[in-house]
Every structure is written in C-alpha cells, then in structure tokens.
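One structure is given here, and the rest of the page talks about it.
The values are calculated or read from the model by the stated rules, or taken from the named source; none is laboratory data. For clarity, every value in this text was computed on a predicted model and none was experimentally measured. Backbone-built Cβ (ideal geometry, glycine too); neighbour counts: all protein chains shown. These accessible areas exclude ligands, DNA and RNA; they are computed on the full protein's heavy atoms, side chains included. Shrake-Rupley method; radii C 1.70, N 1.55, O 1.52, S 1.80 Å.
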Amino acid sequence: MTAAKQSKSYLYDSSLWGDKDVSSGKAAKDENFPVGSLLISRQLRPHVQAYYDFARVIDDIADAETLSSEEKINRLNAMEAVVCKDVPAPDRADVLTARYLYNSFIETGVPVDTATDLLIAFRQDAVKNRYETMDELMQYCCYSANPVGRFLLHLHKEGPDTFPASDALCTSLQILNHLQDCKTDLIKLDRCYIPLELMKKYNVKVEDLLAPQMSFSLRKVFHVLLDHVDVLNREAEFLPRLTQDRRLRLEAAVIVYLAKFLAQRLRNEDPLAADVKLSKKNVLYSVLKSFRYFM
C-alpha cells in the first residue's frame, strides 16, 4: 500500500472518527460574549463563523461524556489533519468545520496555529482534570483562549502590538468562564480549573464546589482569582486603543466592559446557588459606553 493510500485509510478509520454524537447543542447565542456579531464586517463574518464552528466541535469532542480519553485524542488529531491540510476524511458535519476553516485560512492568510493551539488545550482537557498552580492554569489559557483573540486580530490585519492586551482579555474571559461553570464542570466532567494550591491555602476542597452555596473560604478563593482577573482587564483596556479597524475596536471595547461586569457579578453572586450571567442592562451599557471607540 502506498503512503498516500495509508494516509487516506488512516483518516477514514472509524476508530478515529467514531459514530457517537458529541454535540453539546450550544450555539453562538449561548455564549457570554459576541461571536461573529454585527460589529464584525459582513465580508469577514463567514470566516469568524467558520472558526467558531470548528472551535465548538473540538470543544464538544473534548467534553464528550460518551468518549474515552483515547477516542477524544484520536478525533482531535484527525480534525487537526484536516484543518492543517485538507486531506481525505469522512464527509460529515463535524469534519466539514475543519475543511471550511482550512479554506478560510488559505483565503485570508490567518496562521493555522490559531486553530492548532486550541487543539493543544482540548487534548489536555481529554486527559487532565485538575490544575495544581496558577501557572498551570495560565498556561492552559494560553492555548484554550488566547488563540481566539489572535485569530480575530490576524483576520483584521492588526499588528502584533495588539497581542498582549488581547491575550489578557481572552485569559480573563476564560477564567471567568471557569468560575461561572465550576460546579457544572465538576459534576459533568469531574474537571476543576481552580488551582488546587490556592484552594489548599484557604482550606477548601474540590468537593466544596458541589455544595448548595459557597462557603466563606471558597469565596476567598474566588476573590483571589477575581483580583487576578481585574489585573488582566486593566491590561485589556489598551486593546481598543491599539486596534485600527473601527468595527473590531468597538467589539473589543464592548467585550472589555462585559468582562468587568461579569467579574463584579461573580464577586457579588454565588455560582454554586444559581447561574451567574450578564444582564441585558450590562450589555446595553457596554455597547453605549463603547461607541466612543467607533469614531
């Protein structure tokens, strides 16, 4: 058998793709922050949607309760093969997201590592469910969140001077999401992103996240993490000022405001007792305050 035929049969191998539905059912409307919103120019929205669809699929694979760690890794590796080089693969909806993103990268020149870095994080999710230190969590965010911001910056032809502020914003959003979903992640996936070292310092156990309401000690842990988020959000404030594209500048400003609102809500509310979400008032205020960046 030739190398080409071996490659083709490898990607068609059912052990890689499987036949289990791993869709979470989530869509852009379920996200805290704008995804491919009207603030993005019409001509770029299909590329943003292609990236979001791909990210949604690989996230669903990593979080699938019906797949083993090995099956998750196999599927993620196969998705990477398609998005890096449009190789033969099953003509299936999830696979097509990788093919569409491959075509988007060819058309726009956006670096493929904005996709492959995400895959690094989701492979890690397939095998790792605890984080010992803050450094470990920050390293995870470098791959799970920061590529999203860099994708948008590359797509809009923004310069590398925007990267640090974008990374700060994306990491902030990821940590906020971990705090929002801390109980659900533990129940459904046995996964805890809150650093164990920090929990130990305040005599908090992972099992405390399953309580009906937050303990005083766990609240202290949250405050430490939210203090860190506040520092990231202050750095993220530079992003709208550095961004050249007016529409992207406005979107960045809106998201910075929303990140601040969500951080404050998590300080005042209890995600163990009820969902902590942004309100319509938060969103409206953020949009109105951000319009100065559209000029």
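Within the range 149-166, can one find any residue that is assigned to a helix (DSSP H, G or I), touching a strand residue (DSSP E or B) at 6+ places or on another chain (Cβ under 6 Å) and in contact (Cβ under 8 Å) with a residue 12 or more places away in the chain?
If we filter the range 149-166 for residues that are assigned to a helix (DSSP H, G or I), which is where we start, we get 149-155, 160-166.
Filter again for touching a strand residue (DSSP E or B) at 6+ places or on another chain (Cβ under 6 Å), leaving none.
So far as the range 149-166 goes, no, none of its residues is assigned to a helix (DSSP H, G or I), touching a strand residue (DSSP E or B) at 6+ places or on another chain (Cβ under 6 Å) and in contact (Cβ under 8 Å) with a residue 12 or more places away in the chain.
Which of the residues spanning the range 225-239 are more than 20 Å from the chain's Cα centre (by Cα) and buried (at least 17 other Cβ atoms within 10 Å of the Cβ)?
F238, the sole residue that qualifies.
Can you tell me which residues in the range 110-138 are out of contact with any Phe, Trp or Tyr (no Cβ under 6 Å at 6 or more places or on another chain) and without any contact (Cβ under 8 Å) to a residue 40 or more places away in the chain?
Selection gives D113, T116, Q124, K128, D135, M138.
Identify all residues within the range 64-88 that are of a type in the set (S, T, Y) and either touching a Leu at 6+ places or on another chain (Cβ under 9 Å) or assigned to a loop (DSSP other than H, G, I, E, B) (or both); write none if there are none.
Start the filter on the range 64-88 by keeping residues that are of a type in the set (S, T, Y), which leaves 66, 68-69.
The answer is T66, S68.
Identify all residues within the range 154-164 that are within 19 Å of Y257 (Cα to Cα) and either surrounded by fewer than 23 Cβ atoms within 10 Å (Cβ to Cβ) or charged (D, E, K, R) (or both); write none if there are none. Before you say what the answer is, go through the steps one by one.
Taking the range 154-164 as the starting set, the residues that turn out to be within 19 Å of Y257 (Cα to Cα) are 162-164.
The answer is F163, P164.
Taking Y100, is it open to solvent by 40 Å² or more (accessible area, probe 1.4 Å), touching a residue at least 24 places away in the same chain (Cβ under 8 Å) and in a helix (DSSP H, G or I)?
Numbers: open to solvent by 40 Å² or more (accessible area, probe 1.4 Å): yes; touching a residue at least 24 places away in the same chain (Cβ under 8 Å): yes; in a helix (DSSP H, G or I): yes.
For Y100, the condition - open to solvent by 40 Å² or more (accessible area, probe 1.4 Å), touching a residue at least 24 places away in the same chain (Cβ under 8 Å) and in a helix (DSSP H, G or I) - is met.
So which residues in the range 193-213 are assigned to a helix (DSSP H, G or I) and open to solvent by 100 Å² or more (accessible area, probe 1.4 Å), if there are any at all? Outline the logic, then answer.
Quick first cut of the range 193-213, residues assigned to a helix (DSSP H, G or I) only: 196-201, 206-210.
Hits for the range 193-213 are E197, K200, K201, E207.
Please work out if C141 is modelled with pLDDT under 95, crowded, with 16+ Cβ neighbours inside 10 Å, in contact with a helix residue (DSSP H, G or I) (Cβ under 8 Å, 6 or more places away or on another chain) and more than 18 Å from R45 (Cβ to Cβ).
No, not satisfied.
Name, by its number, the condition in (1) in contact (Cβ under 8 Å) with a residue 60 or more places away in the chain; (2) part of a helix (DSSP H, G or I); (3) open to solvent by 10 Å² or more (accessible area, probe 1.4 Å); (4) under 26 Å from A236 (Cβ atoms) that does not hold for K183.
K183 satisfies all of (1) in contact (Cβ under 8 Å) with a residue 60 or more places away in the chain; (2) part of a helix (DSSP H, G or I); (3) open to solvent by 10 Å² or more (accessible area, probe 1.4 Å); (4) under 26 Å from A236 (Cβ atoms) except (4).
Please work out if A64 is under 18 Å from the mean Cα position of the chain (by Cα), more than 21 Å from L248 (Cβ to Cβ) and at pLDDT below 95.
Details: under 18 Å from the mean Cα position of the chain (by Cα): yes; more than 21 Å from L248 (Cβ to Cβ): yes; at pLDDT below 95: yes.
Against the criterion (under 18 Å from the mean Cα position of the chain (by Cα), more than 21 Å from L248 (Cβ to Cβ) and at pLDDT below 95), A64 qualifies.
Can you give me the number of residues within the range 270-295 that are β-branched (V, I, T) and farther than 28 Å from Q213 by Cβ?
Step one: of the range 270-295, the residues β-branched (V, I, T) are 276, 283, 287.
Pick out the ones that are also farther than 28 Å from Q213 by Cβ and you get 287.
Matching residues across the range 270-295 total 1.
Residue check: is S15 modelled with pLDDT under 95, more than 20 Å from the chain's Cα centre (by Cα) and outside any loop (DSSP other than H, G, I, E, B)?
yes
Test A121 against the criterion of being closer than 23 Å to C192 by Cβ, at pLDDT 95 or above and in a helix (DSSP H, G or I), and give yes or no. Please lay out each step first, then the result.
On the way: closer than 23 Å to C192 by Cβ: yes; at pLDDT 95 or above: yes; in a helix (DSSP H, G or I): yes.
Taking the combined requirement at face value, the residue satisfies it.
Residue pairs, Cβ under 8 Å, 6 or more apart or interchain, first in the range 195-224 and touching a residue at least 40 places away in the same chain (Cβ under 8 Å) and closer than 18 Å to T133 by Cβ, second open to solvent by 60 Å² or more (accessible area, probe 1.4 Å) and assigned to a helix (DSSP H, G or I). List them.
P195/E136
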